[in-house]
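Below: one structure, written as structure tokens.
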Amino acid sequence: MINNNLVIDTFYQIATILKIELDANVEITDSLNVDYRGRIFESQFGQIKKHSIEINKAVIKDEEELIEVICHELAHIKQMRHCKSHTQLTNDYIKMVNK
């Protein structure tokens, strides 16, 4: 079960490991964002805004996926767009965290 404390603790542990200075608050949601066809929005797991990073614990099934989501959102600090360099940075972050 993913709870708020686990999300916050994991987030700050990862930011420390990656040596990322944060100028943002962490927000936790627990609702599914679906469109009128029942499809879950692309930003279902998390999203980054200017001063906040949002993690949706309702759709994260385990700690491994939580780490992946956090690394993905933190990669947006350096690369906002979903592109090859963002994917590579996310994968690099996950490897660093899992050492």
Just need a number here: residues in the range 34-74 that are modelled with pLDDT under 75 and of a type in the set (Lys, Arg).
4
Identify, please: which residue in the range 63-86 is closer than 11 Å to PHE45 by Cα and of a type outside the set (A, V, I, L, M) and is, among those, surrounded by the most Cβ atoms within 10 Å (Cβ to Cβ)?
GLU73
Which of the residues belonging to the range 64-89 are touching a residue at least 60 places away in the same chain (Cβ under 8 Å) and acidic (Asp, Glu)?
none
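The values are calculated or read from the model by the stated rules, or taken from the named source; none is laboratory data. Because the structure is a prediction, the values reported are computed rather than measured. Glycine gets a Cβ as well: all are built from the backbone with ideal geometry, and neighbour counts include every protein chain shown.
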